[in-house]
Amino acid sequence: MLFSFQGCKNQKINAFALVVGLLLAGEAAHSACQPLWAEDRDIKQNEWPQFLGPNRTGLSSEIDLLEEWPENGLKIMWRVPGGVGMSGLSISRGRVLTMVQKEGQQWVIAVDAVTGRSIWQTAVAKEYGNPMGDGPRATPTISGDQVFVLSGDGVVSAIDFESGALLWSHNTLVELSGKVAEYGMASSPLVIDDQVIVIVGAAAATLAAFDTKTGKLVWTAGDDPAGYSSPMVLVLDGVPHIVSYSGNSVLGVAFKTGQILWRYPFQTNYECNIATPLSIRGKLFLSAGENHGSVLLNVKSMKAGFEFDELWQSFGPKSVLRSEWQTPLLIDGFLYGMDNVGGAGPVTHLTCIDALTGERMWQMPRFGKGNMIAADGKLFVSTILGELVVVKISPEKYDEVGRMNIVESTRQSPSIAGGFLYLRDGREIVCVDVRKPSLTETPKQ
């Protein structure tokens with residue numbers, strides 16, 4: 001079984017070995033390729049080719065990032081116009097890709113990672129409007145020489161990475177009788193071998209898989225409504241399979257065939273299952289906002305099917321972790337996440353808990369809504385107010401390095417590649433230098 005997780009052209013990784021290795025090692029795998037950046041950058045770190053990075057966990061293997069806050073703040077390398085939308089930023093081979101809405105259409109755009117210069121832009125769907133925010137939500141997935149996207153109204157498309165040419169497209173609402181989720185379609189495509197999987201939310205197709213090259217429908221699975229999460233590949237009790245939230249449950253789905261292996265009820269108000277499911281030492285971790293909460297499950301493969309044991313659970317108004325938008329980050333046995341109080345309420349705490357017990361280690365009260373990734377021992381947090389906050393990773397205490405306003409209001413998580421952090425809002429895309437000062441100094445002539 002192969003994952004097309006990395007952005008290197010024609011490179012694939014053995015899925016089973018990768019996932020098992022990650023579970024055992026507890027850290028993200030290192031990329032075996034180098035992005036084609038400007039010569040003076042000497043980039044040797046992982047790319048960020050899809051939602052939440054190389055392995056969809058929000059973790060990066062970047063090193064040599066800032067330890068102390070610069071006296072004059074972070075250096076902005078460039079700002080360029082983007083467009084409306086909540087899509088994140090994917091980075092591969094010196095290009096930054098995202099989805100935006102402008103001029104009456106939803107677009108996939110590619111800009112140069114070094115300069116911000118526009119490379120290509122491709123329209124994939126008509127404009128999408130929603131009271132909670134217009135435009136696309138899902139993040140592009142870069143796999144080999146193709147880019148896969150899902151529009152805010154359920155159009156899945158494949159695009160040529162080099163030229164931006166539209167290769168194929170399917171309107172899942174029309175072809176599969178799908179239904180747009182109340183707040184828009186937000187599932188970032190998952191590529192496995194020669195299949196691309198998206199959440200559709202149709203009566204006979206919670207998920208759908210398409211052939212990456214031809215666009216032909218390969219399988220459909222489930223009959224649950226769509227949630228807002230993105231599918232993940234996890235190994236649970238030694239069995240690798242696709243794990244995905246729907247609007248009211250979590251599904252375990254077989255590779256290749258789409259067979260439903262198991263279904264775990266997980267009903268959240270307004271069908272707001274948004275975070276990505278995680279594997280913690282082979283156990284399944286689930287979390288949702290709207291005062292729902294979190295649970296760690298032992299998923300056991302039995303002759304008659306799968307069974308579930310709750311190892312710990314924390315539900316309701318006193319839950320230790322209610323992940324509204326943000327997928328918690330699993331780092332050295334601890335989960336760092338956003339605990340949202342109430343039904344999409346304005347109060348959100350940044351918190352750290354023991355992943356295996358659910359014990360709260362620390363909490364930064366009223367930190368605010370946001371998203372985050374982790375690299376080089378630090379959390380890089382983007383807040384809904386447009387700040388970038390850098391926090392040292394520690395289960396002992398909250399230790400802030402610094403913060404700075406970068407963009408306007410944003411719900412997107414940052415992306416990082418080669419010592420540079422990328423963030424966007426509904427207007428601009430921004431590149432920020434987050435390297436150690438010794439690496440940012442201008443060489444003497």
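The values are calculated or read from the model by the stated rules, or taken from the named source; none is laboratory data. None of these values were measured; they are calculated from a predicted model. All Cβ positions, glycine included, derive from the backbone under ideal geometry; neighbour counts span all protein chains shown.
So which strands (runs of 3 or more DSSP E) are wholly in the range 181-255 and hold at least 1 residues that are farther than 25 Å from SER87 by Cα and modelled with pLDDT of 95 or more?
In the range 181-255, the matching strands (runs of 3 or more DSSP E) lie at 217-221, 249-253.
Is it true that SER409 is surrounded by fewer than 18 Cβ atoms within 10 Å (Cβ to Cβ), within 22 Å of the chain's Cα centre (by Cα) and at pLDDT below 95?
Yes, satisfied.
Are any residues in the range 242-269 surrounded by fewer than 18 Cβ atoms within 10 Å (Cβ to Cβ), aliphatic (A, V, I, L, M) and either under 19 Å from PHE315 (Cα atoms) or touching a residue at least 24 places away in the same chain (Cβ under 8 Å) (or both), and if so, which ones?
ILE260
Please enumerate the residues belonging to the range 117-143 that are outside any loop (DSSP other than H, G, I, E, B) and of a type outside the set (A, V, I, L, M).
Within the range 117-143, SER118, TRP120, GLN121, THR122, LYS126, THR141, SER143 meet the criteria.
Identify the single condition in (1) on the phi > 0 side of the Ramachandran plot; (2) surrounded by 20 or more Cβ atoms within 10 Å (Cβ to Cβ) that GLU324 does not satisfy, given that it satisfies every other one.
(1)
In the range 53-69, what count of residues is obtained for those that are surrounded by 23 or more Cβ atoms within 10 Å (Cβ to Cβ) and among the hydroxyl-bearing types (Ser, Thr, Tyr)?
1
I'd like the full set of residues that are under 23 Å from ARG263 (Cβ atoms), assigned to a strand (DSSP E or B), of a type outside the set (Phe, Trp, Tyr) and within 18 Å of the chain's Cα centre (by Cα), limited to the range 285-340.
Selection gives LEU286, SER287, ALA288.
Quick test for you: out of VAL114, VAL80, VAL96, pick the one residue that is buried (at least 24 other Cβ atoms within 10 Å of the Cβ) and either at pLDDT 65 or above or part of a loop (DSSP other than H, G, I, E, B) (or both).
VAL96
Within the set of pairs 6+ apart or on separate chains, which have a first residue in the range 348-361 that is on the phi < 0 side of the Ramachandran plot, a second that is part of a strand (DSSP E or B) and among the basic types (Lys, Arg), and C-beta atoms under 9 Å apart?
Every condition considered, the pairs that remain are THR351/ARG360; CYS352/ARG360; ILE353/ARG360; ASP354/ARG360; ALA355/LYS283; LEU356/LYS283.
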